[in-house]
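Everything on this sheet refers to the single structure shown next.
The values are calculated or read from the model by the stated rules, or taken from the named source; none is laboratory data. What you see is a predicted model; the values in this text were computed from it and never measured. Heavy atoms of the whole protein, side chains included, go into the accessibility calculation; ligands, DNA and RNA do not. Shrake-Rupley method; radii C 1.70, N 1.55, O 1.52, S 1.80 Å.
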Amino acid sequence: MNGHDLVRSVRAVGMVGAAQSLRTVRAAWRRQRADSAGLPRRGAEKARVPGPVTGVEPGPGGGVVRFARSELRVCVTGGGAVFWGWDGTGPEPSYALSGPRPEPDPRAFLEPDKDGGWRVVSERVMVVVSRHGTVEVRTPGGVVLRRDLPPRWWEPAGGGGARWVQ
């Protein structure tokens, strides 16, 4: 966008006028109130995160890292593909796989990392799991390719289903 486009945009907004702007805001507010009226009220909730690492269990192509409230399964395949899933999630079914699941890399192993974290080291990729659940996929040289924060979820104080964010 250059200066001419910016002036044209401001002029277009100015032509709409204050009355139309007020009507738009009022309609959006009404719509939001109508949408929220049908939803059940949420009561008290407890915010949760996986917590600190409590233990590990090595496995083929990686292993399981256990946290205070959750567990993370990490598996590296022979081709360098990485799977990680929280709380017992398996790699299948997957929209990314057209056939059977690839075999885990027998040379990949789980080892301790700095500051209480763990890492899965293979020939093609390295997966680092921090002590609080942050997952980083790195090249063997250490360049970060992807970084995911640990999941967060909210449990109702009276029990029931939790809502979560990844």
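Hey, any idea what % of the chain's accessible area is carbon plus sulfur with a 1.4 Å probe? Write out the running numbers ahead of the final one.
On the way: 6370 of 11430 Å².
Answer for the chain is 56 percent, counting heavy atoms of protein chains only.
If each DSSP helix of 4+ residues adds -39,500 (n - 2.57) and the sum is divided by the residues in the chain, what number results at 222 nm, nearest 500 deg cm²/dmol? Intermediate values should be presented prior to the final figure.
Values: 1 runs with 35 residues, N = 166.
Using -39500 (n - 2.57) per qualifying helix, the result is -7500 deg cm²/dmol.
Can you tell me, using C-alpha contacts under 8 Å and at least 6 residues apart, the relative contact order of the chain as a whole percent?
Relative CO of the chain lands at 18 percent.
With an 8 Å cut-off on Cα pairs and a minimum separation of 6 or more residues, tell me the relative contact order of the stretch 33-122 in percent.
With pairs under 8 Å counted, the relative contact order is 23 percent.
What whole-number value in Å² describes the accessible area per residue of the stretch 50-140 for a 1.4 Å probe?
For the stretch 50-140, the solvent-accessible area averages 54 Å² per residue.
Expected output is a single nm value to one decimal: the length gained when fully extending between Arg152 and Arg30, i.e. 0.36 nm times separation in residues minus the C-alpha distance. What is it?
40.8 nm
If amide H atoms are built 1.01 Å from N in the plane of the peptide, which residues on other chains or at least 5 residues away come under 5 Å of the amide H of Arg131?
Gly117
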